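A.B. asks: Attaching a single structure in structure tokens format; questions to follow.
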Amino acid sequence: MYTCKQASRIASDALDRKLTWYEWLNLKLHLAICAMCRNFEQNIHLLASTVKKPDDTAAVTLSADDREQLRKNIQSILENK
Amino acid sequence: MAHEPASAEWQRVEEWIADHGDYLYRFACSRLNGDRETALDLVQETLLAAWKAHHQYQGSSSLRTWLTGILKHKIIDHMRARSRMEKLADDVSNDPASDWFGTDGHWHESPKTWSASPEALSENRDFDNILKACMDKLPPLQAQVFFFREMDGDSSEDICKNLSISPSNFHVLMHRARLSLRHCLELHWFGQQRKNS
């Protein structure tokens, strides 16, 4: 039977890989009798569905100066290689 | 311009800046907590590295995906350099489980139910700030792994390959990141919400 420490690890792994049948069964058995780990599992699932992809389409853009600086720096490095 | 480097070569980089510069810059900014100066440096390093390695680009992924992959490496290198190497090693070798569990493997402090909908939380700016602050407290490697997995939705296999870590280390890091974030959010958000309701 898993301890809470082991069960929390397997519950976390379940979000990132497919559990073996043995792990899955042991996790279910532990969760059936442990409200604390059920809460942990609920918490990390909520965490996973809440953190969102940062908005890479947001309005952050290179300023004209930045762009020019970038061009100059790269050009001078390429010239002096 | 005095003399252009073998013009086709230079033109290639110019095109990259024009087509992907903004995207790469945004990508870097969002992962560096808005540190625009470092973001610009890393975009520059990325373009130079890409230029050096462009013959390796197979065209199997889109050019943007390829450039973004290089940028990710640069961000990771930067994070590594910023934190001391031994601290990074600690991420994996030191077991902070005693922070959360007794020697018998039981919780020190019982996790409680979180009553909130993901949609409502995602749109709550105050929550977003607390979440960011909690993520800032994670050791760098944990933060990166968590970011790539949960925010970028990268596969576990890709993350292990990109960061040169073993699957078992990856799962240890994810477990620890979730334990820390869960604790931090309970302390600074969900616990407070319960108190106020």
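All of the numbers you see were taken from the coordinates with simple rules; none came from a lab. Nothing here was measured: the structure is a model prediction, and the numbers come from that model. Cβ sites come from the backbone with ideal geometry, for glycine too, and all protein chains shown count toward neighbours.
A.B. asks: Which FRET efficiency value, to the nearest 0.05, is calculated for A:Lys18 and A:Ala48 with the Förster distance at 25 angstrom and r the Cβ-Cβ distance?
C.D. replies: Between A:Lys18 and A:Ala48 the formula returns 0.95.
A.B. asks: Average the reciprocal distances over every distinct pair of alpha-carbons in chain B, invert the result, and give the Kirkwood radius in Å.
C.D. replies: The Cα-based Kirkwood calculation yields 19.3 Å.
A.B. asks: With the cut-off at 24 Å, tell me which of the pairs A:Lys72/B:Lys161; B:Lys132/B:Lys195; B:Lys74/B:Lys137; B:Lys112/B:Lys161; A:Lys72/B:Lys52 have Cα atoms farther apart than that.
C.D. replies: In this structure, A:Lys72/B:Lys161; B:Lys112/B:Lys161 exceed 24 Å between Cα atoms.
A.B. asks: Further question on the same structure: Could you work out the helix-only [θ] at 222 nm for chain B, with each DSSP H run of four or more residues adding -39,500 (n - 2.57) and the total divided by the number of residues, to the nearest 500 deg cm²/dmol?
C.D. replies: -21000 deg cm²/dmol
A.B. asks: At R0 = 45 Å, how high is the FRET efficiency between B:Asp35 and B:His106 if r is their beta carbon distance? Nearest 0.05 is fine.
C.D. replies: Calculated value: 0.65.
A.B. asks: Taking the Cα centre as origin and putting +1 on Lys and Arg beta-carbons and -1 on Asp and Glu beta-carbons, what dipole magnitude results for the protein assembly as shown, to the nearest 20 debye?
C.D. replies: 700 debye
A.B. asks: Taking the dipole about the Cα centre of the protein assembly as shown, with the C-beta of Lys and Arg at +1 and of Asp and Glu at -1, give me whichever of B:Met174, B:His73, B:Gly105 is farthest to the positive side.
C.D. replies: Most positive-ward Cα: B:Gly105.
A.B. asks: Given a Förster distance of 35 angstrom, what is the FRET efficiency for B:Glu15 paired with B:His73, based on the Cβ-Cβ distance and rounded to 0.05?
C.D. replies: Between B:Glu15 and B:His73 the formula returns 0.95.
A.B. asks: From the residues B:Ser7, B:Leu40, B:Phe148, which one has its Cα farthest along the dipole of the protein assembly as shown in the positive direction, the dipole being from +1 and -1 charges on Cβ of Lys/Arg and Asp/Glu about the Cα centre?
C.D. replies: Projecting each Cα onto the dipole axis, the largest value belongs to B:Phe148.
A.B. asks: Let me check against my output: what whole-number percent is the relative contact order of chain A, with C-alpha pairs under 8 Å and at least 6 apart?
C.D. replies: RCO, chain A: 28 percent.
A.B. asks: State, to one decimal in nm², a quarter of the convex hull surface area for the C-alpha atoms of the protein assembly as shown, i.e. the direction-averaged projected area.
C.D. replies: 17.4 nm²
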